[in-house]
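Read the structure below first, then the notes.
The values are calculated or read from the model by the stated rules, or taken from the named source; none is laboratory data. Fair warning: this is a prediction, and the values are worked out from it, not measured in the lab. Neighbour counts are summed over all protein chains in view; Cβ atoms, including those assigned to glycine, are modelled from backbone coordinates with ideal geometry. In case anyone asks, the SASA skips ligands and DNA or RNA and just uses the protein heavy atoms, side chains included. Shrake-Rupley method; radii C 1.70, N 1.55, O 1.52, S 1.80 Å.
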Amino acid sequence: MSDTITSTGLTVRNVDTQDEAPVRDLLRAAFPSDMEARLVERLRHCGALVLEQVAVDDAGAIIGHVAYSRVTPAAIGAGQALQVACLAPVSVWPERQRKGIGSALIRASLEKLTDLGEDLVLVLGPPAYYPRFGFDPVLARKVQAPYAGDAFMALALTEAGSRDLPIEVAFATPFQEFE
């Protein structure tokens, strides 16, 4: 699969260096504080991002963004070999939300993560939203992390992603600001 996925009026592609400022503006508009914008910038510059993609409209404007960072299995055993990523954050310009852009971005990026060989994806988010992509709070209970509850969900992208659990994980250092 290439780095670019095109659907009707929407292209999903990997982030380029020139996208950093527009992505920062998008994150600041989509969230009530600049915490998510700072998180992405720190993850990007400490080398923790596994995948960062944008959704671009027909005019070439960035209208959505998603980032996945490395999560490190901390325990020994079968789970130590898992490739684990965290989805955080996903954003769409406020005036463009609820039109399927975020969903298209998440689906395309999960497909790309599968191609990259990721085994498990974690997310902390609305329990009414993420299950539509296959995220499951029950599976996440097998992951010992700083997060818990029904808002903490997991999605196995490979057989090993569900078979080699339970595991204990550590999130990239920039997440400490959220704990």
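Structure notes:
- Largest accessible area first, the residues K99, K142, K112 order themselves as K99, K142, K112 under a 1.4 Å probe with ligands, DNA and RNA left out.
- Between helix 101-116 and the chain: long-axis angle, C-alpha atoms, 0 to 90°, nearest 10: 50 degrees
- When the GluC sites (Glu not before Pro) in segment 104-167 are filtered for DSSP coil states and for at most 11 other beta-carbon atoms within 10 Å of their beta-carbon, the remaining sites are E159.
- Taking all protein chains together, H65, H45 sort by accessible area into H45, H65, largest first [probe 1.4 Å].
- Entry comment: accessible area of the chain is 48 Å² per residue, from protein heavy atoms only and a probe of 1.4 Å.
- Considering only P137, L157, L116, the residue lying farthest towards the positive end of the dipole of segment 108-179 is P137, judged by Cα position with unit charges set on Cβ.
- Between 0 and 90°, nearest 10: helix 35-45 axis offset from the chain longest Cα axis: 80 degrees
- Taking the protein heavy atoms of segment 40-166 in the context of the full set of protein chains, the accessible area attributed to carbon and sulfur is 52 percent at 1.4 Å.
- Taken about its Cα centre, segment 91-179 carries a charge dipole of roughly 440 debye when the Cβ of each Lys and Arg holds +1 and the Cβ of each Asp and Glu holds -1.
- Selected from A30, A154, A78 as most flexible by GNM, with the chain as the system and alpha-carbon contacts under 10 Å: A78
- Helical runs (DSSP H, four residues minimum) scored at -39500 (n - 2.57) apiece and divided by the length of the chain put the mean residue ellipticity at 222 nm at -7500 deg cm²/dmol.
- The heavy atoms of T158 present about 50 square angstrom of accessible area, all protein chains included, probe 1.4 Å.
- Over the chain, the Kirkwood radius and the radius of gyration, each from Cα atoms, give a ratio Rg/Rh of 0.95.
- Count Lys and Arg as plus one, Asp and Glu as minus one, and take only other residues whose Cβ is under 14 Å from that of R141; the net charge is then -2.
- Whole-number D in µm²/s for segment 114-179 (Stokes-Einstein; Kirkwood sum over Cα pairs; 4 °C, 1.567 mPa s): 106 µm²/s
- Across all Cα atoms of segment 1-96, the radius of gyration (one decimal) and Dmax (whole number) stand at 14.8, 49 Å.
- Net charge contributed by nearby residues that have their C-beta within less than 14 Å of G60 (K/R +1, D/E -1): -3
- Positive-end residue, the chain charge dipole about Cα centroid, Cβ charges, pick of N14, G100, H65: G100
- Dipole magnitude (debye, nearest 20) for the chain, charges at Cβ of Lys, Arg, Asp, Glu: 300 debye
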